[in-house]
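Q: Have a look at the structure that comes next, please.
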Amino acid sequence: MASVVAVEMGETGVARSADARLQAHGLGACVGLCLYDAHARLAALVHVVLPATLARTALDARPPLSPPPGKCADTAVAHALAEITRQGGQAAQVQAALVGGAQIFTAAASDGEAQSRLEIGQRNVRAVKEELARASIPLCAEDTGGRFGRTVTLDVGTGTVWVRPVGLSERLLVILGPGETGISPSPASAVPPIREGTWAYG
C-alpha cells in the first residue's frame with residue numbers, strides 16, 4: 001500500500017521510494033509545484049506560499065527571519081532542484097507540473113496596488129513559472145486559478161500527478177516522464193471527476 005506523506009505550507013518534500021506519494025492538501029492561493037526526474041525515479045513536491053521573500057527595511061529592528069526555502073517562489077525552485085541533484089537526480093531530466101494558485105480573497109480593493117496584493121494566487125503561479133523558465137525546467141501541465149481549493153498528489157513510482165478539487169473526485173492531471181502524457185486542465189468552472197480515489201525535508 002502506498003504511503004502518503006504530507007507536504008505542509010513552506011515545506012519541500014523529496015522522495016525516491018516507489019511506493020510513496022507526496023501530497024499537498026487544501027491548496028488555496030498556495031501553489032503545489034511537482035518536480036520529477038523519471039530516470040532517477042526521484043520526485044519533489046514544494047508547497048509554495050508567497051511569490052517572493054519579503055524585503056526588510058532599514059527601520060525594521062526585528063531579528064532577521066529565515067523562512068523555509070520552499071515558502072517563496074524565488075527560492076523554492078532552486079532549492080528543490082538542488083535537493084534532487086543532491087540525491088542523485090539531474091536537473092536536465094526534471095519535468096514539472098503546477099497546481100493551485102486560486103483567487104481566494106475577493107474583497108474590494110481601492111487601488112491597483114491593493115488589488116495586486118489580493119491576487120496572491122495569480123502572483124504565485126506567475127512567479128513559479130518565471131523561476132521554472134529561468135532554470136530551463138519544462139512545465140508539462142497545470143491546473144491553476146479559479147476560486148476553489150485543490151489537493152495535489154504526486155506518485156513517486158510513476159510520476160503521476162492527481163488533483164482533487166474541493167468537493168469533487170480526484171482526477172488525473174499528467175504522467176511526468178519520457179513521452180509524458182497529460183490531460184489539459186479543464187476550465188475552473190467545470191472540473192470533471194475522473195477517479196475516486198528515502199524521504200527528506202529541505
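The values are calculated or read from the model by the stated rules, or taken from the named source; none is laboratory data. Please read all numbers here as calculations on a predicted model, not as lab measurements. Backbone-built Cβ (ideal geometry, glycine too); neighbour counts: all protein chains shown.
Q: How many of the residues in segment 24-42 are buried (at least 20 other Cβ atoms within 10 Å of the Cβ) and part of a strand (DSSP E or B)?
A: Matching residues across segment 24-42 total 10.
Q: Inside segment 6-19, can you point out the residues that are surrounded by 18 or more Cβ atoms within 10 Å (Cβ to Cβ) and at pLDDT below 95?
A: Of segment 6-19, the ones surrounded by 18 or more Cβ atoms within 10 Å (Cβ to Cβ) are 7, 10-16.
Correct list: Arg16 only.
Q: If you don't mind, there's one more thing I want to ask. List every residue pair whose Cβ atoms lie under 6 Å apart, where the two residues are 6 or more positions apart in sequence or sit on different chains, the first residue falls within segment 168-188 and is among the acidic types (Asp, Glu), and the second residue, located anywhere, is modelled with pLDDT under 60 and surrounded by fewer than 15 Cβ atoms within 10 Å (Cβ to Cβ).
A: Final answer for the pair search is Glu170/Arg195; Glu170/Gly197.
Q: If you don't mind, another one. Say we look at segment 169-202 and pick out the residues that are closer than 30 Å to Ser66 by Cβ and within 19 Å of the chain's Cα centre (by Cα); which of these is modelled with the highest pLDDT?
A: Residues of segment 169-202 that are closer than 30 Å to Ser66 by Cβ, as a first pass: 198-202.
Filter once more, so that each one left must be within 19 Å of the chain's Cα centre (by Cα): 199-202.
Details: Trp199: 28, Ala200: 33, Tyr201: 27, Gly202: 25.
Ranking the candidates gives Ala200 first.
Q: Identify, from the list Val94, Val166, the residue that is surrounded by fewer than 21 Cβ atoms within 10 Å (Cβ to Cβ) and either modelled with pLDDT of 95 or more or hydrophobic (A, V, I, L, M, F, W, C) (or both).
A: Numbers: Val94 fails: surrounded by fewer than 21 Cβ atoms within 10 Å (Cβ to Cβ).
None of the other options fit; the residue is Val166.
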